[in-house]
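Visitor: Here you go, one structure.
What follows is calculated from the coordinates using simple rules that are stated; it is not laboratory data. Everything quoted here is computed from the prediction, not taken from an experiment. Note that each Cβ is placed from the backbone with ideal geometry, even for glycine, and that neighbours are counted across all protein chains shown.
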Amino acid sequence: MHTGRPESLLRCALRTTGDRFVVAGEIDEANASALGERLYAQPVATLDLANVTFFSAAGLRVLLTLGPIACAEGVVVDVHCSPPVWRILELCDCRDVPGLRFVRGAER
C-alpha cells in the first residue's frame with residue numbers, strides 16, 4: 001500500500017489516503033492494468049478522477065471491473081469525473097454502473 005504518497009504510473013500519478021484514491025494525468029492502455037491492480041487490491045470509497053486529462057477505453061474497462069467488485073463488497077464507490085472521463089462515460093452510455101456513483105466535475 002502506498003498511502004499518502006504519490007505513485008507514478010506511466011503518464012499518471014496515483015495518491016491514496018485510506019480508501020480515497022486520487023488519479024491525475026492520462027489513463028490509457030499503457031497504465032490502466034497497473035491502476036486497476038491497485039484499485040482492486042483494497043477497499044475504495046472514493047475514486048477522484050477530476051484531474052485526469054485523457055481517458056481511454058482501457059480506463060473505462062477498469063471502472064467496469066471495479067463496479068462489480070464494489071457490489072460484491074456491498075459498497076458504492078463515488079467516482080469524481082473530469083470532462084474527459086465524463087465524455088467517455090456519455091459516449092459509451094456507461095453512466096449507470098452498479099457499485100459506482102459518477103459525479104460530474106462541478107457537482108463535487
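Visitor: Please name all residue pairs, on different chains or six or more residues apart, with Cβ atoms under 6 Å, provided the first residue is in region 77-101 and is on the phi < 0 side of the Ramachandran plot and the second residue is surrounded by 14 or more Cβ atoms within 10 Å (Cβ to Cβ) and among the hydroxyl-bearing types (Ser, Thr, Tyr).
Guide: 78/46
Visitor: Quick one: in region 51-68, of everything that is surrounded by 19 or more Cβ atoms within 10 Å (Cβ to Cβ) and in contact with a helix residue (DSSP H, G or I) (Cβ under 7 Å, 6 or more places away or on another chain), which residue is farthest from residue 91 (Cα to Cα)?
Guide: Only one residue fits best here, namely 66.
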